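The block underneath contains the structure these notes are about, expressed in structure tokens.
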Amino acid sequence: MRTVIWSMAALGAVALLSGCAGYSWGTNVPEEYRTVSVPVFENLTEVSEMGSTVTQYTLREFQREGTFKVVRPDDAAIEVQGVIRRMVRGGVAYDRGRGMRATEYRYVIRADVTFVDRRKGKVLLERRGLEGETTFLTQNDLLTGQKNAAARIAQDLARQIVNEALALPLKGDGRGTGAVEGVQK
């Protein structure tokens, strides 16, 4: 009886573990595409430092995520080019006691991002209208609230940029990067 129980337990363990056989930890980005450079984003908004702020957070996000190594432009397989098109701020909460002044704002940044294969000189993916957003509160000081929100909005956009890079339809050893292979948004 004891042998039957151990046999059943071993069979059950094998069945459970075999279900995980198709999964792997790590990345599907081919090794030859794991270097990236990010020149300073062009800034077409009135907020003068946003180009460099978004670039800085994008570099940090690539380093944090860990799949890509940030290198000099001449050594990169992929170059991430960006143009910040718009920044929009709009009130979402108002104080009736203060003449209906906005006390909370929604802040949205819109950018166009292009991923270029530097070796072949071809565009891998062009994403127009990628948005980062956040909200912020004001305490009678709109400029300070907006400045504090700039880092959060840049970080949100940077995460989206890195996620787009991870989903690029790259070909290395004959495999793509997963379910989005060959699909451009």
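The values are calculated or read from the model by the stated rules, or taken from the named source; none is laboratory data. These figures come from a predicted structure and were not determined experimentally. Cβ coordinates were reconstructed from backbone atoms using ideal geometry, including for glycine residues, and neighbour counts include every protein chain displayed.
A few remarks follow.
- Within segment 95-116, the set of residues being among the acidic types (Asp, Glu), touching a residue at least 12 places away in the same chain (Cβ under 8 Å) and over 16 Å from MET50 (Cβ atoms) comprises just one member, GLU104.
- Complete set of residues in segment 30-50 that are outside any helix (DSSP H, G or I) and surrounded by 21 or more Cβ atoms within 10 Å (Cβ to Cβ): VAL36, SER37, VAL38, PHE41, ASN43
- The set of residues in segment 51-103 that are part of a helix (DSSP H, G or I), surrounded by fewer than 17 Cβ atoms within 10 Å (Cβ to Cβ) and of a type in the set (D, E, K, R) comprises ARG60, ARG64, GLU65, ASP74, ASP75, ARG96, ARG98.
- All of SER24, SER37 fail the test of being modelled with pLDDT under 80 and either aromatic (Phe, Trp, Tyr) or under 30 Å from ALA165 (Cβ atoms) (or both), apart from SER24.
- Of the residues screened, GLU126 is not one that is surrounded by 13 or more Cβ atoms within 10 Å (Cβ to Cβ), in contact with a Lys or Arg (Cβ under 7 Å, 6 or more places away or on another chain) and either closer than 23 Å to PRO169 by Cβ or β-branched (Val, Ile, Thr) (or both).
- So GLU181, is it among the charged types (D, E, K, R), at pLDDT below 85 and surrounded by fewer than 16 Cβ atoms within 10 Å (Cβ to Cβ): yes
- Exactly one residue out of ARG127, ARG119 is assigned to a strand (DSSP E or B), touching a residue at least 40 places away in the same chain (Cβ under 8 Å) and not aromatic (Phe, Trp, Tyr), and it is ARG127.
- Evaluation of GLN81 against (1) in contact with a helix residue (DSSP H, G or I) (Cβ under 9 Å, 6 or more places away or on another chain); (2) under 26 Å from GLU65 (Cβ atoms) (one fails), failing number: (1)
- Considered as a group, the residues in segment 126-178 that are among the acidic types (Asp, Glu) and farther than 24 Å from ARG64 by Cα include one that is modelled with the lowest pLDDT, and that residue is ASP173.
- All of THR45, THR58 fail the test of being over 21 Å from LEU125 (Cβ atoms) and out of contact with any Gly (no Cβ under 6 Å at 6 or more places or on another chain), apart from THR45.
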